[in-house]
Structure formats: structure tokens, C-alpha cells
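A.B. asks: Here's a structure for you.
The values are calculated or read from the model by the stated rules, or taken from the named source; none is laboratory data. Since we're looking at a predicted model, the values are computed, not measured. Cβ: placed from backbone, ideal geometry, glycine included. Neighbour counts: every protein chain shown.
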């Protein structure tokens, strides 16, 4: 069976990506798990935001959280903004932390995307379900230990300029591909990128789309062998 190469553009502070993490968890336990390699790319939801979140925006964000909860079944802590007055919804630090986790477990040109994804999912749970600050270095260090990374080495990697550069390369890559919403999941088909989903889908729907992709890849492979 041919390997499916997936590219996942997301943001750890994107609530629909948090919802999609439940879909990906089921995917990891499915019969597709051994057939998939996944590259995690930071898209940049609200990069470098500096303004405190106004109440109107906080209410809008929490409205989306309720939609995600209904669609995915994921738990939410709806008192987050009350517990963090003046919170700045800057998604760059969280994205950089996810990249740092992948780089620490891998290499600059070959990050460990599995570790990065595990870090992102743990950070999302801490933020959305437990009300932890997803922009705080203290939160990042706790998550690093949770996923089995050395916290001192992680802190050094987090502050490395190469990590920031790698993070912003991801933002630029998403922009160049015209990706404006998350989660977005693409598949590599030879030299082409094929859209699997733009936005949240439940596991059953994702499984159907992957089955279609697998059928296409097997068919294409058969043609190339003649």
C-alpha cells in the first residue's frame, strides 16, 4: 500500500483545530495510521497581535468555542477570558513552542512532526479545557515535560532565533498557498498538492476522503508501473 503524505496547516490557538485534534486522535488509532506521514506546519492565525482582546471579540470567540464543542465533543473552559483580563490573543508564541518541540525531538531540516503534534494537542487541552495561558512560557515548559521533552533543552530551543525563523517560514508557506483558514489538510500527489479538508470534519468524513485518496494513489501507482 502506498504511503499517504499529508501536510497539516493549523494553529494551536485555533479552536476548530482543537476540535479537529479529536478527529486526528481517532485517525492515529485507525487502520490508516501506518499508511500516513504527516507534516505539521504553523499557519499563523493571529500572529504578533499586541492589543488586548476586547469584550466583543472575546464573546465572538467563545461563540465559536460552543460551535466547536457541539461539533467535536471537545471540553471547554468558558471562563478563560474572565480569568485572564487583558489577554492578548497573539498566536505566535504558541506556534513557536510547537515548532520548538518538533525541532528538539528532531533536526532543523527534519523536525519530529509527531512530537510537535503531541505538544500542540497537549497545549490545546491546557488552553481550551483547563484555562491555562497558551502564550505563557511556564505553560510551554509544563507541556514539554508532559510530552517527554527535557524542559531546559526545550527552553533553549524555544529562544533560539532559528526556531522563530522556522515558525515564520510556516506562516509564509501558508500565505503563499493561499491558506487563510484552519485546520487545512493537504495531501501530496507527486508534484501536486490535493485538498483533503479546509475546516473541521469529523472522523467518518475524513476517513471517506482518505479512502478516495488511497484509491487514487493506488490507481496512479499502477499506471506509472506500466
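A.B. asks: Given 157, 188, 125, which one is surrounded by fewer than 20 Cβ atoms within 10 Å (Cβ to Cβ) and farther than 29 Å from residue 79 by Cβ?
C.D. replies: Only one candidate passes the filter, namely 188.
A quick yes/no check of all residues on (1) within 28 Å of residue 70 (Cα to Cα); (2) touching a residue at least 12 places away in the same chain (Cβ under 8 Å); (3) crowded, with 17+ Cβ neighbours inside 10 Å; (4) within 18 Å of the chain's Cα centre (by Cα):
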{"site": "169", "(1), (2), (3), (4)": "no, no, no, yes"}
{"site": "177", "(1), (2), (3), (4)": "no, yes, no, yes"}
{"site": "184", "(1), (2), (3), (4)": "yes, yes, yes, yes"}
{"site": "192", "(1), (2), (3), (4)": "no, no, no, no"}
{"site": "198", "(1), (2), (3), (4)": "yes, yes, no, yes"}
{"site": "208", "(1), (2), (3), (4)": "yes, no, no, no"}
{"site": "211", "(1), (2), (3), (4)": "yes, no, no, no"}
{"site": "219", "(1), (2), (3), (4)": "no, no, no, no"}
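A.B. asks: Still on this model: Quick check: is even one residue across segment 18-35 within 21 Å of residue 168 (Cβ to Cβ), in contact (Cβ under 8 Å) with a residue 40 or more places away in the chain, touching a strand residue (DSSP E or B) at 6+ places or on another chain (Cβ under 8 Å) and surrounded by 24 or more Cβ atoms within 10 Å (Cβ to Cβ)?
C.D. replies: Checked against the condition, which is being within 21 Å of residue 168 (Cβ to Cβ), in contact (Cβ under 8 Å) with a residue 40 or more places away in the chain, touching a strand residue (DSSP E or B) at 6+ places or on another chain (Cβ under 8 Å) and surrounded by 24 or more Cβ atoms within 10 Å (Cβ to Cβ), segment 18-35 yields no hits at all.
A.B. asks: Also, quick follow-up: Wholly within segment 1-119, which helices (runs of 4 or more DSSP H) include no fewer than the required count, namely at least 3 residues that are in contact with a helix residue (DSSP H, G or I) (Cβ under 7 Å, 6 or more places away or on another chain) and under 19 Å from residue 147 (Cα atoms)? Before the answer, list the steps.
C.D. replies: Values: elements: 15-28, 55-72, 80-83, 92-105.
Qualifying helices (runs of 4 or more DSSP H): 15-28, 92-105.
A.B. asks: Kindly evaluate residue 126 against the criterion of being in contact with a strand residue (DSSP E or B) (Cβ under 6 Å, 6 or more places away or on another chain), assigned to a helix (DSSP H, G or I) and at pLDDT 95 or above.
C.D. replies: No: the conditions fail for residue 126.
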